[in-house]
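Let me begin by presenting the structure, written as structure tokens, before commenting on it.
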Amino acid sequence: MGMKSLITGAPGARLHTAAIPEPRQGEVLVRVKITAICGTDIHIFNWNKWAAGIGIKPGNILGHECVAEVVKLGEGVESLALGDRVCIETHIPCEDCSLCKNGNMHICENKRIFSLHTDGCFAEYAVVPAVCARKVPDFIPDDLASILEPLGVGVHAAQVGNVQGKRVVVLGAGPIGLFSACASLALGAHSVTISDVKNTRLEVASMCGDMHIWNPLEISASAMLGSRSSAPEVIIETTGSNQAIAETLPYLREKGKVAMVGLYSGDVSLNLSRDVIYKEATVEGVHGRLMWDTWDVMENLLLEKKLNVRPAITHEFALEDYEEGFRIASSGEGTKVLLKP
Amino acid sequence: MDNVMKAVAKVRSEYGSFEVIEVPMAKSPGDHEVKIRVETVGICGTDLSIYKWTETVAREYHPVFPLIPGHEFAGIVEEVGAGVSHLKVGDKVAINPHISCGICPYCIQNRESICENRPILGCHADGGLTQYLTVRAKNVFVLPANVPIYLGSLAEPLSVTVHALERVQQKSDKAAAIVGVGTVGLLQYIACKAAGYEDIVLFGLDSDQERMELAKRMGAKTVNIEKEDPYIAFERLTGQPKADVVFEVAGTNDSITFAIDLVKTAGKVAMVGIAASYTPIDTTKVVFAEKELIGVRAYNLSTWPKTMEIIGKIVPQLELLVTHRLSLAETNKAVELLLKRQCLKVVIEPNAESLAGREGR
Ligand SMILES: [Zn+2]
Ligand SMILES: [Zn+2]
Ligand SMILES: [Zn+2]
Ligand SMILES: [Zn+2]
């Protein structure tokens with residue numbers, strides 16, 4: 001029996017009928033209900049330098065964001081039962097290193113990444129390590145469940161930013177930026193400003209909550225952030241654009257915090273004395289989600305209806321229409337684009 | 001001549017221009033003030049910048065000339081104003097030269113290190129290179145009895161390193177690295193040791209050879225990164241591949257890049273060294289390994305009592321740090337020594353000439 005899957009074309013992608021995989025020890029087979037396109041998938045679709053250099057095997061199945069149902073248990077799996085509705089935590093920890101043993105499984109030294117080092121979930125079925133299958137509470141509908149993985153990054157960034165009561169500026173209104181902004185509001189930020197050079201993305205952001213929107217092509221950083229009452233206490237950087245951080249960092253307040261989420265293609269030049277040392281500011285990297293603190297916090301915020309992220313889901317397609325889905329996701333025309341296998 | 005005293009001052013806004021001048025005697029202390037007889041003044045890179053009158057100094061400090069430099073100083077309480085309860089005449093004291101405002105949002109949170117309005121004695125206002133000085137009592141801290149007064153001026157740079165430890169706050173850490181082996185690097189070593197780090201490794205360059213020898217005499221492990229692979233060396237010396245925490249005190253682009261590489265996943269880099277303008281950062285390393293870069297500036301008021309506790313326990317190490325003790329009239333010689341890097345810590349003793357038995361040091 002075969003299954004529909006979307007495999008890498010290096011570049012591009014193509015539909016392929018693959019054999020339904022068998023879960024091995026410690027793994028489960030899931031039937032995929034809804035998937036979502038992530039920035040990582042777009043990099044692999046475009047087969048940029050990064051994607052070409054990380055050892056993705058030819059014909060690898062794309063995709064890591066989804067909601068799915070457990071249909072078969074591998075040997076020794078006791079944490080899950082048939083019929084469980086799950087999301088996938090993308091970081092596969094070794095469970096053995098000192099980071100794993102000290103609450104830092106998400107940045108495990110030996111971690112593998114689901115869909116880069118394994119087949120992904122843009123398919124009718126996928127095999128998932130049981131340790132990475134996160135059960136989804138019943139109150140979360142399928143479409144929202146399919147975007148919990150990237151939403152978790154935003155929640156984690158807002159947690160690192162320690163945003164409660166603070167003026168927060170989020171750079172970038174792509175999915176991660178938008179989710180960081182939503183999470184900042186949910187975690188009690190005093191105010192949230194979100195920036196993007198694409199007004200379509202800012203429109204989606206304004207539907208997600210009471211945040212100030214800022215297009216730096218239309219309003220300068222000094223006009224937006226230059227006064228004492230507008231200068232940010234927290235910056236969450238999700239663009240990976242040198243210009244975005246270089247223009248904004250000078251306005252960070254004393255003892256401010258920068259949560260760095262975006263990845264830059266080269267070095268970024270920062271004036272550390274003026275902007276970090278003299279201000280006693282802190283710059284901290286944020287990668288993935290804590291396992292499982294971030295997921296717990298996120299589910300609680302959803303339960304309390306504090307995280308209004310549904311407007312982020314702008315498009316839905318059948319898996320077969322992946323070309324259009326990728327086009328919309330990568331152009332910035334849409335925010336979260338779902339694919340249904 | 002009780003109404004005048006000697007001081008060294010920057011007399012105009014040109015390179016050099018440090019001159020011994022006579023100035024009116026420091027005033028009697030008002031309420032909540034004390035008058036100090038200055039016994040020791042440390043000369044550091046900031047003083048060199050004032051000497052050279054760099055662009056930054058010209059922009060940041062708006063002094064009225066003559067300006068008396070000296071922000072690292074200690075002395076003896078000469079006279080006590082009304083309302084001062086924690087000091088008495090004859091006390092041996094060190095002075096926090098940051099006159100924090102006490103009312104800005106940061107002072108209110110006891111974060112005087114980032115006070116919005118804090119003249120620094122010796123930078124924005126007259127400092128310690130003088131015989132007497134009257135200062136706010138709140139900035140004056142009693143040194144432990146066993147600390148020779150000439151070492152008291154080290155309390156200021158030591159406070160910077162104690163504050164760096166406050167900023168990183170990682171009690172369970174075992175292995176620390178210090179990048180840079182100047183006075184601050186060596187003081188950071190002493191402070192880290194006092195804070196209980198098991199393994200502390202200092203990283204320096206060929207040009208730091210003498211200072212690294214000194215560090216070894218203090219018991220430190222040192223690595224010359226121009227002579228051996230620093231990562232292999234760190235693992236050999238500590239048994240772990242990366243540092244739990246790194247204190248970056250050198251402030252160069254190379255040293256900052258190295259510090260970020262050297263710290264472990266989820267580790268912290270205390271940024272103590274003042275980086276020159278722009279530093280290229282490979283943020284991928286910071287993001288993927290969730291590293292934290294922590295800005296460290298000066299100290300809080302609450303740092304100083306901790307410094308006073310530590311300084312009594314590290315007298316032998318501090319004695320090794322001070323290579324020259326000079327008089328006020330020899331201040332230009334002290335500057336020369338620093339410019340030529342022929343010394344480690346030089347202290348000026350402004351009242352030395354008037355004291356008997358100061359020969360033969
Ligand atoms: Zn993703
Ligand atoms: Zn691990
Ligand atoms: Zn100094
Ligand atoms: Zn203040």
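Descriptive notes on the structure:
- Within segment A:72-112, tally of residues that are within 11 Å of chain B (Cβ to nearest Cβ), within 16 Å of ligand 1 (Cβ to nearest atom) and without any contact (Cβ under 8 Å) to a residue 60 or more places away in the chain: 1
- Exclusive hit being modelled with pLDDT under 95 and either within 16 Å of ligand 1 (Cβ to nearest atom) or within 14 Å of chain B (Cβ to nearest Cβ) (or both), set A:63, A:39, A:2: A:39
- Selection from segment B:323-347 of residues that are open to solvent by 20 Å² or more (accessible area, probe 1.4 Å) and in contact (Cβ under 8 Å) with a residue 24 or more places away in the chain: B:325, B:329, B:332, B:338, B:339, B:341
- Flag for residue A:229 being outside any strand (DSSP E or B) and at pLDDT below 95: yes
- Wholly within segment A:64-170, strands (runs of 3 or more DSSP E) carrying at least 3 residues that are open to solvent by 20 Å² or more (accessible area, probe 1.4 Å): A:65-73
- Scanning segment A:254-276 for residues that are crowded, with 17+ Cβ neighbours inside 10 Å, among the charged types (D, E, K, R) and facing another protein chain (nearest Cβ under 8 Å) returns A:254, A:255.
- Within segment B:53-77, residues that are in the same structural domain as residue B:140 (by TED's automatic domain parsing) reach no partner that is within 16 Å of ligand 2 (Cβ to nearest atom) and open to solvent by 10 Å² or more (accessible area, probe 1.4 Å) with beta carbons closer than 8 Å at six or more positions or on different chains.
- Search result, residues across segment A:305-336 that are farther than 15 Å from residue A:151 by Cβ and among the aliphatic types (A, V, I, L, M): A:318, A:319, A:328, A:329
- Boolean, residue B:182 is open to solvent by 20 Å² or more (accessible area, probe 1.4 Å), touching a residue at least 12 places away in the same chain (Cβ under 8 Å) and under 21 Å from the mean Cα position of the chain (by Cα): yes
- Flag for residue B:112 being within 14 Å of chain A (Cβ to nearest Cβ) and open to solvent by 30 Å² or more (accessible area, probe 1.4 Å): no
- Selection count where residues are of a type in the set (Lys, Arg) and either more than 10 Å from chain A (Cβ to nearest Cβ) or not in a strand (DSSP E or B) (or both), scope segment B:254-287: 1
- For the condition among the polar types (S, T, N, Q), buried (at least 22 other Cβ atoms within 10 Å of the Cβ) and either under 21 Å from residue B:137 (Cβ atoms) or in the same structural domain as residue B:255 (by TED's automatic domain parsing) (or both), residue B:307 qualifies.
- Residue check, residue B:13 among the polar types (S, T, N, Q), within 14 Å of chain A (Cβ to nearest Cβ), assigned to a loop (DSSP other than H, G, I, E, B) and more than 16 Å from ligand 1 (Cβ to nearest atom): no
The values are calculated or read from the model by the stated rules, or taken from the named source; none is laboratory data. Just so we're clear, the structure is a prediction, and the values are computed from it rather than from any experiment. Quick reminder, even Gly has a Cβ in these numbers, built from the backbone with ideal geometry, and neighbours come from all protein chains shown. Quick note on the areas: whole protein, heavy atoms, side chains included, nothing else; ligands and nucleic acids left out. Shrake-Rupley method; radii C 1.70, N 1.55, O 1.52, S 1.80 Å.
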